[in-house]
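Novice: For reference, the structure I am asking about is given below.
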Amino acid sequence: MLSTCITVAGSDCSGGAGIQADLKVFTAHSVYGMSAITAITSQNTIGVNGVHLIPAPFVEKQIDACMLDVKCDVMKTGMLFNPAILKVAIDMIDRYKLKAIVVDPLIATRKGVLLVLPGYLELFIKELIPRATILTPNIAEASILLKQMTNETVEIHHVDDVKTLGAKLVASGCKSVIIRCDGISFDNEFFVCKDSSMPSSWYVYVLCTSEVQLIVPQKWLSTKIAKGTSCALSSAIAANLANEVDIPNAVKRSVAYTQHALEFSFHLGRGANSLDYSSSYGYLPFEEGEIVRYLRNHPHLSKAWSFLYEHCFLQKLKDATLSIDEFKKYLALKYHMLMNNAQAAGMTAFSSSNIAVIERSAKMIQIIKEENVIHLEICKQYGLAPEQFVNRKPAFVNAHAAFINDVGQREGVLGIQVAMLPFPLIVQDVFSKMDTLQSGTFKPFVAHCRDFGTLEHGNSLLDNLEAEASTLKPEKIQKILKILEQSLSFEKAALDITLDNETTIF
Ligand SMILES: Cc1ncc(COP(=O)(O)O)c(N)n1
C-alpha cells in the first residue's frame, strides 16, 4: 500500500518552499502527499511580501478532513506561525496515530533572526519537541532552542561542537535532531573555514539521537543559493520514514536528495535558485545483492506474502489431504504461468534494441524452458499428459498473460523477474521444508522441490534478479513493489482456483 504524509505548513505561491515544495518532495519519493495550510504567503525567489494567516480552527478542520478519511503515516510540520496554530498541530498529533512526526522548527533565519511571536517558543519547546520523532533545525535554531531550554551556549569551531550541541538537545528531551550547518563551511579536518570559497570545503549535517551521532558531509556548492532546502530535507525525511526507512538511513538519503536537488537547481526567477525537486537522487533502498530480501520483507507486502505462505493448498499438500485432481489443476496452471513468463521475456527482447537486454531476456527464456521440462516430467508422473492441458488456456491464464505482458512492456526483464519471484521463494521457504514422509501421494513432487537441482534452479532465478537489480532506477521501486503485490495475488488466485470445485481447467 502507498505510504502517505501530511504537511502542516505555509503556502509559497512561487512553488519554491512551503507546502508546494513539500508535496513535490513527497511525490519524488512515491509517497502520497496531503496538506493543511497554515498561511498563504505571497513570495517569490526574491523574498516574502505578504502573509495571510488561516484561522487555527480551519487548520484543524483541514487536518481532520484528511485524517478521518485517508490513513496518514507521517506528519511533517513547517511554518506554524503563531501559538494558536502550533497548539492545533500538537492536539492533532495526540488525536491521530502517526508513525512519525518530523518538525522543521522554522523559528529563526540562518543568521539567528527570530521569526516567531511571543509565547511560541515556550509552547514549541514544552509540547512539540517531546512529540517530534526528529527535529531539523539550522544551526542558529538549534542554538536558540538550547539556550531557551538549558540556558547553555555552544560555540562552533569544529564539527565536534555541532555534535555537542545536538547531544545537549537530545539530553534535554529531543528524541533525535539533524542540525543543518547553514552558512558554515568546514575544512577537511572539519574545522570551521574562515574562507568558504576554499576549493575543498564541506557543508555538514549532524544527526544526533540517543544511540547514534552521524556526520553527513556534502560538497560545498558556493555558487548555488536556493530556497526550499529546509523544506526539501524535512519532507524527504518524512517520506522516508513513511516508507519504513530507519532514522539514520532516512537522514542519509534525504541529505543526498537535497544535495542533488541543489546541485541541479535552476535559475528560474531573478533571485535564489529553484531546487530540482523531481531529481532522481541515485540510491536504492537496499544494498547490493539484497533485493530479494528487501522484497521478501517489505512491510507493505507482508499480508500478501502470508496469504500465500499460509494458503490452505500448501497445508493440504503438506499433510497429503489434497485431492489428486486439485493437484493436477495446480500443475496445469503452473505450466501456463511459466509459459506466460517466457512469452513476456520474448516480447521484452523484441521490444528492445539493446543487445544486453535481448541477451538477458534469452537467458530468462532458457531458465524457464529448463524449468518447464522438469515440470512436464512431474505432470507425467501424476498421470497428467501434456496434451490434456497445453493447448487449453483457462480464462485465469489469459488474465495472467495480460498482466505479465504489461509488466514486460513497462518494466522489462526485471519486471518479469520480480513477477516470477513468488515461485522460487515458495520452493525455498515452504516446499523444501516439507516432510516427505508425511506428504504421501505428493512425495515425488515434494522430493523434487527439495531436490538440489530445483533449489539451484530457483537460486539462479534469484541470482539473475539480483544482477538485474543493478539496472533498477530508484524512482521505479514503488512500481516494482506494485508488480510483486499483483503477482502475489495472482499466485494466491491460482491456489484458490485449484481448491475451487466449481472451476475446471482441463
Ligand atoms: C511558506 C514557507 N515555508 C517555509 C519557507 C522556508 O524555506 P527554506 O527551506 O528556504 O528555509 C518559506 N520560504 N516559505
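The values are calculated or read from the model by the stated rules, or taken from the named source; none is laboratory data. Keep in mind the model is a prediction, meaning the values are calculated, not measured. Cβ atoms come from the backbone with ideal geometry, glycine included; neighbour counts cover every protein chain shown.
Novice: Kindly list the number of the only condition in (1) of a type in the set (A, V, I, L, M); (2) assigned to a loop (DSSP other than H, G, I, E, B); (3) touching a Gly at 6+ places or on another chain (Cβ under 9 Å) that fails for L322.
Specialist: So the condition that L322 fails would be (3).
Novice: Might you check whether a residue that is within 23 Å of F124 (Cβ to Cβ) and among the basic types (K, R) occurs anywhere in the stretch 242-254?
Specialist: No, there is no match, as no residue in the stretch 242-254 is within 23 Å of F124 (Cβ to Cβ) and among the basic types (K, R).
Novice: Residues being of a type in the set (D, E, K, R), within 16 Å of the ligand (Cβ to nearest atom) and part of a helix (DSSP H, G or I): count how many of those fall in the stretch 110-139.
Specialist: From the stretch 110-139, those of a type in the set (D, E, K, R) are 110-111, 122, 126-127, 131; that's our starting set.
Next, only the ones that are within 16 Å of the ligand (Cβ to nearest atom) stay: 110-111.
Still in the running and part of a helix (DSSP H, G or I): none.
So the answer is 0.
Novice: Of the numbered conditions (1) within 16 Å of the ligand (Cβ to nearest atom); (2) under 14 Å from V251 (Cβ atoms); (3) polar (S, T, N, Q), T229 fails exactly one; give the number of that condition.
Specialist: The one condition T229 does not meet is (2).
Novice: Going by what's in this entry, would V251 be described as part of a helix (DSSP H, G or I), touching a residue at least 40 places away in the same chain (Cβ under 8 Å), crowded, with 24+ Cβ neighbours inside 10 Å and more than 16 Å from the ligand (Cβ to nearest atom)? Step through it out loud before you land on a result.
Specialist: Numbers: part of a helix (DSSP H, G or I): yes; touching a residue at least 40 places away in the same chain (Cβ under 8 Å): yes; crowded, with 24+ Cβ neighbours inside 10 Å: yes; more than 16 Å from the ligand (Cβ to nearest atom): yes.
It is true that V251 is part of a helix (DSSP H, G or I), touching a residue at least 40 places away in the same chain (Cβ under 8 Å), crowded, with 24+ Cβ neighbours inside 10 Å and more than 16 Å from the ligand (Cβ to nearest atom).
Novice: Between a first residue in the stretch 9-31 that is over 22 Å from D73 (Cβ atoms) and a second residue that is more than 12 Å from the ligand (Cβ to nearest atom) and assigned to a helix (DSSP H, G or I), which pairs have beta carbons less than 7 Å apart while being 6 or more apart in sequence or on different chains?
Specialist: Every condition considered, no pair remains.
Novice: Which of the helices (runs of 4 or more DSSP H) found entirely inside the stretch 1-109 contain at least 3 residues meeting this: touching an Asp or Glu at 6+ places or on another chain (Cβ under 9 Å) and within 12 Å of the ligand (Cβ to nearest atom)?
Specialist: Details: elements: 18-28, 56-67, 83-95.
Answer list for the stretch 1-109: 18-28.
Novice: May I ask you to say which residue of L262, L284 is within 29 Å of the chain's Cα centre (by Cα), among the hydrophobic types (A, V, I, L, M, F, W, C) and closer than 26 Å to N459 by Cα?
Specialist: Only one candidate qualifies: L284.
Novice: What is the one condition in (1) crowded, with 18+ Cβ neighbours inside 10 Å; (2) touching a residue at least 60 places away in the same chain (Cβ under 8 Å); (3) of a type outside the set (S, T, Y) that P285 does not satisfy?
Specialist: Only one criterion in (1) crowded, with 18+ Cβ neighbours inside 10 Å; (2) touching a residue at least 60 places away in the same chain (Cβ under 8 Å); (3) of a type outside the set (S, T, Y) is unmet by P285, namely (1).
Novice: Further, regarding this structure: On the given criteria, is I37 within 28 Å of N240 (Cα to Cα), out of contact with any Gly (no Cβ under 8 Å at 6 or more places or on another chain) and at pLDDT 95 or above?
Specialist: On the way: within 28 Å of N240 (Cα to Cα): yes; out of contact with any Gly (no Cβ under 8 Å at 6 or more places or on another chain): no; at pLDDT 95 or above: yes.
Considered against the rule, which asks whether it is within 28 Å of N240 (Cα to Cα), out of contact with any Gly (no Cβ under 8 Å at 6 or more places or on another chain) and at pLDDT 95 or above, I37 comes out as no.
Novice: For the stretch 199-214, does any single residue satisfy the condition of being part of a helix (DSSP H, G or I), touching a residue at least 12 places away in the same chain (Cβ under 8 Å) and β-branched (V, I, T)?
Specialist: Our first condition is that a residue be part of a helix (DSSP H, G or I); within the stretch 199-214, this holds for none.
Looking for residues that are part of a helix (DSSP H, G or I), touching a residue at least 12 places away in the same chain (Cβ under 8 Å) and β-branched (V, I, T), one finds none in the stretch 199-214, hence no.
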